[in-house]
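J.: Starting off with a structure, shown below.
The values are calculated or read from the model by the stated rules, or taken from the named source; none is laboratory data. Worth saying up front: this structure is predicted, and the values here are computed from it rather than measured. Glycine also receives a Cβ, built like all others from the backbone with ideal geometry; neighbour counts cover every protein chain displayed.
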Amino acid sequence: MNFGFTEEQDFLRDAVRKFVDGRCPIPEVRNLMETADAHSTLLWSEIASLGWLGLLVPEEHGGAGLSWIDFVVLLEETGRTLLPSPLVSNSLAVTAIMEGGSTVQQARWLPELAAGSKVGTLAFLEASDVPGSDGIALAASVDGDVHLLDGEKCFVADAGCADLFVVAYRAGGELALALVPASSDGVSVEMATPLDETKRMGTLKLDGVRVSSDNRLAAKPASDTVAFLLDCGAVAVTAEALGAAEQATAITVQYAKDRIQFGSPIGRYQGVKHRLSDQWVDTESIKSLLYYGAWAIENSRDELPRYASLAKAYVADAFTRIGVECVQLHGAVGYTLEYDIQLYIKRSKWVRSMFGDADYHRDRLAERIGVRPEN
């Protein structure tokens, strides 16, 4: 792979940063946090007009047909300002349809998801909170060619503003994936109050929801698609987390320059500057793993699980540590709602468990090399 960014990717990074800084800085983020879904339809339509929602969508379906490296560049920048939007959820729904959908399903849904007229999300997790195929227990009853779904899907990201759910379940013991519109009979959503109010989640309730063959993603084995989406999700949330961690460090570096104690900026003291230096090393290390993982999505599927897990395991621990240290380096004021740094430690807590925590991914890595993890 080419370890440098192209001129177009640098331009994309600058354009995204300019947009989020101007259109959704932290004061606007705080305003959106006060809304029911932390979602602005106006902002979403502006994002759609910029082509972000169609970045991964093929040109024949109204998208730009770009790569996951381009998408990770975008997510790293939106993560800096904690942009509240279903951008990751929508793009994972796009990926699911591109991976497992028929040509008819792709033509039906991808243009709307790319245009922002519909919002998609994944509904995989259940009460066990186990990522991947092992955590999927929801069983459908079969009525001829129709699957009937009764149960719940938990921790569904952006459930309140989603128009389309990609639901994982089992039929006859085999994994299956269904496209379930929010308008379907028997579908309802119960929202939860999260620690990170920029990332809203909810429970998807399914009461006799009918899934016909036209709404099932069957172009590839569902188990393969679920595993692939887990890796893509880990890469996507790591990208957002990387941007947030970099910005948390930048905010704290500036505070260390401005805060005077004993006649000097606190950034002069070893107990401050050494910790900030360690944070920089962590974010640069995450960046290397992340971008290789993003490259592997389209160029080396065999390597993808390894690098997705390496990046996610690293960021899950490191971002939490960075969040805690940044708050501590702000002193007592770091814990107050008035200061922005507390928003970043909340984001670190949200990132930690999404698409598998550090322990899950380390166990996954160990299994890949034949080491049996201890219980």
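J.: Would you mention how many residues in the stretch 119-140 are at pLDDT 95 or above and of a type in the set (S, T, N, Q)?
T.: 1
J.: Continuing with the same structure: Hey, could you check the stretch 168-227 for residues that are in contact with an Asp or Glu (Cβ under 7 Å, 6 or more places away or on another chain) and among the polar types (S, T, N, Q) and say which is nearest to K153 (Cα to Cα)?
T.: So the residue we want is T203.
J.: Given the criteria modelled with pLDDT of 95 or more and of a type in the set (A, V, I, L, M), does L304 qualify?
T.: So L304 passes the test.
J.: Same structure again: Assuming I69 fulfils every condition listed in (1) under 24 Å from V235 (Cα atoms); (2) surrounded by fewer than 16 Cβ atoms within 10 Å (Cβ to Cβ) apart from one, which condition is it?
T.: Of the numbered conditions (1) under 24 Å from V235 (Cα atoms); (2) surrounded by fewer than 16 Cβ atoms within 10 Å (Cβ to Cβ), the odd one out for I69 is (2).
J.: Would you point out the residue of the stretch 145-169, among those that are under 17 Å from G233 (Cα atoms) and among the β-branched types (V, I, T), that is nearest to the chain's Cα centre (by Cα)?
T.: Checked the stretch 145-169; the qualifying residue nearest to the chain's Cα centre (by Cα) is V156.
The rows are residues; the columns are (1) under 29 Å from the mean Cα position of the chain (by Cα); (2) buried (at least 22 other Cβ atoms within 10 Å of the Cβ); (3) part of a helix (DSSP H, G or I).
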position	(1), (2), (3)
G243	yes, yes, yes
T252	yes, yes, yes
A256	no, no, yes
H274	no, no, yes
D282	yes, no, yes
Y291	yes, yes, yes
I297	yes, yes, yes
D302	yes, no, no
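J.: Within the stretch 323-370, track down each residue that is over 18 Å from the mean Cα position of the chain (by Cα), of a type in the set (S, T, N, Q) and surrounded by 13 or more Cβ atoms within 10 Å (Cβ to Cβ).
T.: Passing the criteria: Q328, Q342.
J.: Could you identify the single residue in R210, R216 that is basic (K, R), buried (at least 17 other Cβ atoms within 10 Å of the Cβ) and within 24 Å of E99 (Cα to Cα)?
T.: R216
J.: From P58, P27, grab the single residue that is modelled with pLDDT of 95 or more, closer than 23 Å to V235 by Cα and surrounded by fewer than 17 Cβ atoms within 10 Å (Cβ to Cβ).
T.: Within the list P58, P27, the selection yields P58.
J.: Collect the residues in the stretch 186-207 that are without any contact (Cβ under 8 Å) to a residue 60 or more places away in the chain, surrounded by fewer than 23 Cβ atoms within 10 Å (Cβ to Cβ) and in contact with a strand residue (DSSP E or B) (Cβ under 7 Å, 6 or more places away or on another chain), keeping them in residue-number order.
T.: Scanning the stretch 186-207 gives G186, V187, S188, V189, E190, A192, M201, T203, K205, D207.
J.: Moving on to the next point. Tell me, yes or no, whether the stretch 199-207 has at least one residue that is basic (K, R), under 20 Å from A38 (Cβ atoms) and outside the structural domain of H361 (by TED's automatic domain parsing).
T.: Yes, because at least one residue in the stretch 199-207 is basic (K, R), under 20 Å from A38 (Cβ atoms) and outside the structural domain of H361 (by TED's automatic domain parsing).
J.: Follow-up. Please find, among D158, D150, the residue that is at negative phi and either outside the structural domain of W109 (by TED's automatic domain parsing) or at pLDDT below 95 (or both).
T.: Exactly one residue qualifies, and that residue is D150.
J.: Please verify whether Y291 is more than 24 Å from S85 (Cα to Cα), among the hydroxyl-bearing types (S, T, Y) and assigned by TED's automatic domain parsing to the domain that holds Y344, treating the condition exactly as stated.
T.: No.
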